[in-house]
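J.: Here it is: the structure, laid out below.
Nothing in this text is a laboratory measurement; each read-out follows from the coordinates by a stated rule. This one's a predicted model, so the numbers in the text were calculated from it and none came from an experiment. Neighbour counts run over all protein chains shown; Cβ positions are idealised from the backbone, glycine included.
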Amino acid sequence: MTLQELLNSDMDLATLAAFARQGFAWWIEELALMLPAGLRARLSSQPRVLAEPLDTGGWRVWRDGNLVEMGPTPILKETVGILLPTTQVLVREVPAPRMPSADVRRMLSLDIDRLSPLAPELIHFDMEVVDRDIGEGKQTVSVGIVPRTTALALVERARAQGLKPATLGVRTDGEPIAHRFDFLPAVLAAAGEKQKTGLAVYLWGAVAALFVINLAVLVGRDMADVASLRHLAEAQRPAVSAALRLRGRVEAEEARRSDLVNRGQKNEPLRMLSVLTQALPSGAWVQHLEWNGQALRIVGFAAADIDMAAAVRGTGAFTNPRSLTVAQTTGAGSIRPFDITADARPAARR
């Protein structure tokens, strides 16, 4: 089913959950197939202890592929994988399209009557991928078929003798002994039992592990970004310090020049002389002039009818003009001295 068909279909929550489980199983299967065979065997959930029935009624036991015990009733405190003899299992290799194992298993269930000499209701089957082409090609699966009566009898025999079957497969030829297929889920399902599995625990553990990994990756990336930013700031610190020093010097020079301009405009004697020349009447003569930028003093002679203080005030550039000479009573048209001081008018604030 394509993504467009999935989005256009009318599905309930259970169907969507089933698709999600299938997708997760497919993802786990693809990741497992990418691992080396040795590592995949170590991470497999198959039991480390395998037990094979003997014709005499006893059991042959292997641990990690090594023969450790052979006797009538092995004493084991852990679950074991039960091995069917190779003579009781029919194994066939079948080509199949490159698709998830669940889809391949459904395809084989529809075609199992052609692959098995017995009717489908009389057998159990399991499959495993043995070869896979690169890309979107084909794959080869190995199909194991066992009679239901044979499988059920062996499981009941193992339980009767104190063993706890975890899997039911077939032994491989050669050494070391390996485990192929698992017919136990089908046997238990046919008998109305449920196999105890820690799949939910593993799934939640995987979710927690992925969450921790994602969190660690995010924290690591943030730490790396902060460290990179810190290194970049440290590398730029000399240039920034030099720029700040240069900026301080420029601002200080600009302030000094602005102050010089203001003082020059305020204390410029030529401007003051121009103002006084235009403001003083024609009947006044200045003999002495003092100007320090803040205060003005002019000394000279003027006609008796000329008010020198009012003339200085009328310029608009000075304030508080005052006379330092003693008032003299003279006739009209006579000449009298004057000594006037005044303060410079403060500049208007902007």
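J.: Most exposed first by the Cβ proxy, i.e. fewest other Cβ within 10 Å, how do E254, E128, E52 rank? Display every interim value, and only then the final one.
T.: Values: E254 10, E128 14, E52 19.
Result, fewest neighbours first: E254, E128, E52.
J.: Quick check on the exposure proxy: order S142, S228 from fewest to most C-beta atoms within 10 angstrom.
T.: On the way: S142 16, S228 10.
Ascending Cβ contact count within 10 Å gives the list S228, S142.
J.: Sticking with this one: About the Cα centre of region 45-197, what is the dipole size in debye to 20, counting +1 per Lys and Arg Cβ and -1 per Asp and Glu Cβ, all else neutral? Mind showing how you got there, number by number?
T.: Values: 19 positive and 20 negative charges, 83 e Å.
Result for region 45-197 is approximately 400 debye, rounded to the nearest 20.
J.: If you don't mind, there's one more thing I want to ask. Given axes a ≥ b ≥ c from the Cα gyration tensor, I'd like to know whether region 269-344 is rounded (a/c under 1.5), prolate (a/b larger than b/c) or oblate. Working shown, then result.
T.: Values: a/c = 1.98, a/b = 1.69, b/c = 1.17.
Prolate, because a/c is 1.5 or more and a/b exceeds b/c.
J.: Related question: Relative to the compact globular guide of 2.2 N^0.38 Å, what is the alpha carbon radius of gyration of region 45-197, as a ratio? Walk me through the numbers before you get to the answer.
T.: Details: Rg = 16.1 Å, N = 153, 2.2 N^0.38 = 14.9 Å.
For region 45-197, the normalised Cα radius of gyration comes out at 1.08.
J.: Arranged by the count of other C-beta atoms within 10 angstrom, fewest first, what order do W62, W285, W291 take? Spell out each step's value before the answer.
T.: Numbers: W62 24, W285 12, W291 16.
The order, fewest Cβ neighbours first, is W285, W291, W62.
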